[in-house]
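Just below is one structure, and these are the notes that go with it.
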Amino acid sequence: MSAMDLVHQLTNSNSSLAHIITNTSIVNHASYFQIYEQLQQQAMIVDSFASNLNIIEKLWASWYIYIDNDILATGLLFFIVHEIAYFGRCLPWFIIDNMVPSLRKYKIQPTKIPTMQEQWECCKTVLKQHFLVEALPIWLFHPLCSQLKITFDVPFPGWKVMAAQIAFFFFVEDLWHYSFHRLFHFGWFYKNIHKVHHRYAAPFGLAAEYAHPAEVMALGVGTVGFPILYAYVAKTYPQYDLPSLHLFTITLWIVLRLFQAVDSHSGYDFPWSLNKFLPIWAGAAHHDEHHHYFIGNYASSFTWFDKIFETECGTLAKRRRENNAKVKSEESYKKKI
């Protein structure tokens with residue numbers, strides 16, 4: 001896509017989903033909620049297109065129709081969702097750290113509670129990163145979607161398709177994160193890039209994206225790059241019969257990845273935390289020890305890559321060594337019998 005094509009799309013005030021609205025006369029002067037209400041009314045008509053849409057699909061379509069420009073709609077949507085998901089997920093941890101001392105018994109490093117000043121400085125830096133580093137790629141994402149046939153229409157794909165795609169993204173992104181995170185702990189990379197993120201030996205939610213711009217971009221490639229690669233393969237090699245990728249799936253994936261990143265930096269490990277029910281899930285217990293010992297536990301979402309490559313640290317590594325020693329001792333004893 002040339003620069004002129006991009007400018008044309010940016011100035012072209014036509015939504016690709018406008019055809020969904022039967023009463024087109026209201027589109028140009030209606031509010032977002034008026035457009036949604038129009039879709040609700042259309043849904044009352046049996047066998048109408050809108051009658052087959054769920055609430056989220058109608059909200060999604062209303063947004064694109066209201067903005068009336070697909071590039072602007074996607075850019076605004078991604079940026080707003082990113083900010084709400086990130087800071088919204090940080091809020092409960094901020095409240096627990098500052099207003100709920102009774103839960104500090106679940107704090108992994110209970111003597112290290114972040115001060116208000118530390119959290120405010122962290123918040124300012126993260127906001128600056130969002131606007132100066134992440135905003136431009138977000139705003140340019142829709143033209144790339146058009147090239148790769150990433151759809152954004154309604155209805156959405158089935159939930160099984162979306163779940164399978166998101167599960168795949170979680171797996172490959174974690175391998176990417178493990179590889180680059182481990183690289184960032186070598187010499188020059190740690191001193192000049194990753195040391196910024198390790199300012200806080202006892203992490204807290206807001207610190208999840210507190211990092212050097214180069215690290216933000218490198219790790220961000222794993223989050224956005226694999227959906228792009230998937231869409232490219234699906235488009236270029238139709239013989240693989242891969243389900244097409246929807247923009248809503250990518251949005252949901254990014255929200256879940258943000259939640260995971262914030263939670264793993266929360267510094268709290270509850271009896272009801274996900275890692276207690278899903279042992280392969282890393283959680284805060286896994287990542288907090290990385291910040292405490294400054295080495296090992298490089299994976300973010302799952303524990304298996306650190307187990308496979310023997311890079312566990314702290315109590316996890318100690319437990320693993322003790323279990324291995326016990327198994328070897330039992331095997332040796334059985335051989336002697």
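The values are calculated or read from the model by the stated rules, or taken from the named source; none is laboratory data. Nothing here was measured: the structure is a model prediction, and the numbers come from that model. Note that each Cβ is placed from the backbone with ideal geometry, even for glycine, and that neighbours are counted across all protein chains shown. The accessibility values were calculated without ligands, DNA or RNA, using every heavy atom of the protein model including side chains. Shrake-Rupley method; radii C 1.70, N 1.55, O 1.52, S 1.80 Å.
Which one is nearest to Ile228 (Cα to Cα) among residues in the stretch 140-180 that are crowded, with 22+ Cβ neighbours inside 10 Å and in contact with a His (Cβ under 8 Å, 6 or more places away or on another chain)?
Ile150
Output the residues belonging to the stretch 235-263 that are open to solvent by 20 Å² or more (accessible area, probe 1.4 Å), in contact (Cβ under 8 Å) with a residue 12 or more places away in the chain and over 9 Å from the mean Cα position of the chain (by Cα).
Result: Lys235, Leu242, Pro243, Ser244, Phe248, Asp263.
Quickly run through the stretch 99-141 and pick out the residues that are at pLDDT 90 or above and under 30 Å from Lys58 (Cβ atoms).
His130, the sole residue that qualifies.
Consider His185 against the criteria (1) outside any helix (DSSP H, G or I); (2) over 29 Å from Ile108 (Cα atoms); (3) not hydrophobic (A, V, I, L, M, F, W, C): it satisfies all of them except one. Which criterion is unmet?
Against the list (1) outside any helix (DSSP H, G or I); (2) over 29 Å from Ile108 (Cα atoms); (3) not hydrophobic (A, V, I, L, M, F, W, C), His185 comes up short only on (2).
Among the residues of the stretch 206-229, count how many are over 30 Å from Gln117 (Cα atoms) and either open to solvent by 30 Å² or more (accessible area, probe 1.4 Å) or small (Gly, Ala, Ser) (or both).
Residues flagged as over 30 Å from Gln117 (Cα atoms) and either open to solvent by 30 Å² or more (accessible area, probe 1.4 Å) or small (Gly, Ala, Ser) (or both) within the stretch 206-229 amount to 7.
Give me a count of the residues in the stretch 65-99 that are open to solvent by 30 Å² or more (accessible area, probe 1.4 Å), among the β-branched types (Val, Ile, Thr) and within 21 Å of the chain's Cα centre (by Cα).
Total meeting the criteria: 3.
Quick check on my filter: what residues within the stretch 38-64 are free of Cβ contacts under 8 Å to residues at least 60 places away in the same chain and open to solvent by 90 Å² or more (accessible area, probe 1.4 Å)?
Selection gives Gln41, Met44, Ile45, Val46, Asp47, Phe49, Ile55.
Look at Ser102 and say whether it is polar (S, T, N, Q), assigned to a helix (DSSP H, G or I) and either surrounded by 13 or more Cβ atoms within 10 Å (Cβ to Cβ) or in contact with a helix residue (DSSP H, G or I) (Cβ under 8 Å, 6 or more places away or on another chain) (or both).
For Ser102, the condition - polar (S, T, N, Q), assigned to a helix (DSSP H, G or I) and either surrounded by 13 or more Cβ atoms within 10 Å (Cβ to Cβ) or in contact with a helix residue (DSSP H, G or I) (Cβ under 8 Å, 6 or more places away or on another chain) (or both) - is not met.
Go through the stretch 34-73 and report how many residues are among the hydroxyl-bearing types (Ser, Thr, Tyr) and in contact with a Leu (Cβ under 7 Å, 6 or more places away or on another chain).
Number satisfying all stated conditions: 3.
Go through the stretch 20-37 and count every residue that is open to solvent by 60 Å² or more (accessible area, probe 1.4 Å) and closer than 24 Å to Ile250 by Cα.
Residues meeting the conditions: 0.
Ser48: in a helix (DSSP H, G or I) and farther than 17 Å from Ala202 by Cα, yes or no?
no
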